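What follows is a single structure, written as structure tokens, with notes after it.
The values are calculated or read from the model by the stated rules, or taken from the named source; none is laboratory data. What you are looking at is a predicted structure, and each value in this text was computed from that prediction instead of being measured. Cβ sites come from the backbone with ideal geometry, for glycine too, and all protein chains shown count toward neighbours. The accessibility values were calculated without ligands, DNA or RNA, using every heavy atom of the protein model including side chains. Shrake-Rupley method; radii C 1.70, N 1.55, O 1.52, S 1.80 Å.
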Amino acid sequence: MDQITISKKIPPIGQRIIKSFAAVFLCFVVYYIRGKHGTPFYSALAVLQCMQPYHDKTLNVAKNRIRGTFTGAFWGAILIAMEIFLFPSVQDDTITHYIFVSLFIGLVIYSTVLLKITQSSYFSCVVYLSIVVNHMGDANPWMFVVNRVVDTLIGIGIAFLVNESSYLPREKHNDILFVSGIDDTLLNNKNKLLPYSKIELNRMINSGANFTVATRWTPASIRESLGEITFKYPIIVMNGAALYDMNENTYLLTDTMSAKASEKVIKVLDAEGINYYSNVIIDDTVLIYYKELKNDVDRQLYMQLRKSPYRNYIKGDVPPDTDVVYFMIIDETDRILELYHSLKEKIGEDLYQIIHYESKDFKGASYIKIYNKEVSREKMLEKLKQRLNFEQSMLFGTVKKHCDILIEGNDYNQLVKTMKRYYEPISW
């Protein structure tokens, strides 16, 4: 597959920026409606902190903010009362006052420990300090304490109002299993998931979307590039040779080469005098057997991947009577093409599926992978649908004959945008 070159361009204005503008403006509107009472600065701060991409995260930040505001305001009011009634001679800009302020910081933090709301500790300290440092000398510091709480609650309320009202009414198609490729489909040409795709995909999954991936990648590679995605369903990996549960760390199904078929491939590859990697699954653990690293790109690949806790490299021969999931070879592209044609002649394609493709990570290098002839992502997808009792699926990809929805161009958010249209179309 050819790499797609992305031209540099100014990123579009996202929904969060628009919502933040609207919410902050509403804070000032409310300030005017209240007759310019309070301080809209604190409402705007609360809005920006609560304007999170996920509903659950917005709720958690709001809870922490409310707890922190009440805790800080409480101790601020206590210190005000103490200095007014017990130590009236203490001025607000003296070293004695600042000793009291500093001592009370300890009380603020310790109270969040006792109340088991340590996540609100920082907010509590900010609110407390804003009261006792900036407004202790006000004609009526009590009013600032009240306004500080009210301003924060206004900001939190506006954040929820803007967040929730920004979503148009949509119906959800929870009867479809959405399946995506990874290369140039979900990830860009640097194997990165763009922020919009990560946020929207997780949001849809959390709201009930049935999503998984079908790829030639291994679970280890998926964890490294898509570790922030919540996979609720098994994923199709190794070009369809395995079905893997990311949550249970277990292989649910495999389609391997028999030990006899594997031995034939091993003999041919040994005769070619090249290094190859034999991927074997034993007790839900991937063991990768290899012999001698014979070229620079081979060494680079090995040194890069051997550090992964999800890959287990073993120097030596595959044990007798062991099924192999697939063989992998990496070398310069010219050598790989020559070897590819040689392998098609020597081991044939009646029992084996032999594929080759260019490497994105190593310039001028390519891979060969050899699987059982019956291996395919489409076949494993049918098994997954039967397992999950889905009748309908929608497969996104970059090869027209192997997908339902073709993803092309250089907009690497296209897949998630397209899935959103099918999963939750606007309903009126």
The extension gain from Asn247 to Ile33, computed as 0.36 nm times the residue separation minus the Cα-Cα distance, is 72.0 nm
GNM of the chain, Cα pairs under 10 angstrom: of Pro53, Pro309, Pro141, the biggest fluctuation goes to Pro309
Expressed as a percent, the accessible surface of the range 338-405 that is carbon or sulfur, using a 1.4 Å probe and the full set of protein chains, is 44 percent
hull vol. (C-alpha, convex hull) per residue for the chain, Å³ -> 201 Å³
Honestly the range 126-269 on the Cα gyration tensor test (a ≥ b ≥ c root eigenvalues; a/c under 1.5 rounded, otherwise a/b vs b/c for prolate or oblate) is just prolate
One finds, for Leu48 and Asn134 with R0 = 22 angstrom and r their Cβ-Cβ distance, a FRET efficiency to the nearest 0.05 of 0.65
So the carbon and sulfur contribution to the accessible area of the range 205-247, 1.4 Å probe, in percent, is 36 percent
From the cross-link list Lys190/Lys401; Lys260/Lys291; Lys264/Lys373; Lys373/Lys417; Lys264/Lys291; Lys192/Lys385, the entries with a Cα-Cα span beyond 23 Å are Lys190/Lys401; Lys373/Lys417; Lys192/Lys385
DSSP beta bridges in the chain: the antiparallel percent, rounded to 5, is 65 percent
Over all Cα pairs of the range 52-152, the Kirkwood radius sets Rh, and Rg/Rh then becomes 1.03
GNM on the chain, Cα springs under 10 Å; top mean-square fluctuation among Val149, Val324, Val113 goes to Val113
Only helices counted: for the chain, with every DSSP H run of 4 or more residues adding -39500 (n - 2.57) and the sum spread over all residues, [θ] at 222 nm is -15000 deg cm²/dmol
Judged on accessible area alone, 1.4 Å probe, highest first, Met328, Met303, Met419 line up as Met303, Met328, Met419
In the range 234-314, the GluC sites (Glu not before Pro) that sit in a DSSP loop and have at most 11 other Cβ atoms within 10 Å of their own Cβ are Glu248, Glu292
Quick shape check on the range 286-326: root eigenvalues a ≥ b ≥ c of the Cα gyration tensor, a/c under 1.5 is rounded, otherwise prolate if a/b tops b/c, else oblate, and it reads oblate
Quick calc, Leu59 & Glu374: beta-carbon distance into FRET formula, R0 60 Å, rounding 0.05, result 0.80
Gln304 and Glu408 label points (each 7 Å along its Cα→Cβ direction) are spaced in nm at 2.9 nm
Projected onto their principal axes, the Cα atoms of the range 258-298 stretch, largest extent first, over whole-Å spans of 32, 22, 11
When the charge dipole of the chain is computed with +1 on Lys and Arg Cβ and -1 on Asp and Glu Cβ about the Cα centre, the Cα farthest towards its positive end, among Ser124, Pro234, His173, belongs to Ser124
By the Cα gyration tensor axes a ≥ b ≥ c (a/c under 1.5 gives rounded; else a/b larger than b/c gives prolate, otherwise oblate), the shape of the range 244-344 is oblate
Between Asp175 and Asp321, the FRET efficiency computed from the C-beta separation at R0 = 60 Å comes out, to the nearest 0.05, as 0.85
Taking Cα atoms, the helix 414-423 axis meets the longest principal axis of the chain at an angle in degrees (rounded to 10) of 80 degrees
Normalised Cα Rg of the range 205-295, dividing by 2.2 N^0.38 Å with N its residue count, works out at 1.31
Heavy-atom accessible area per residue of the chain, all protein chains kept, 1.4 Å probe, expressed in Å², is 52 Å²
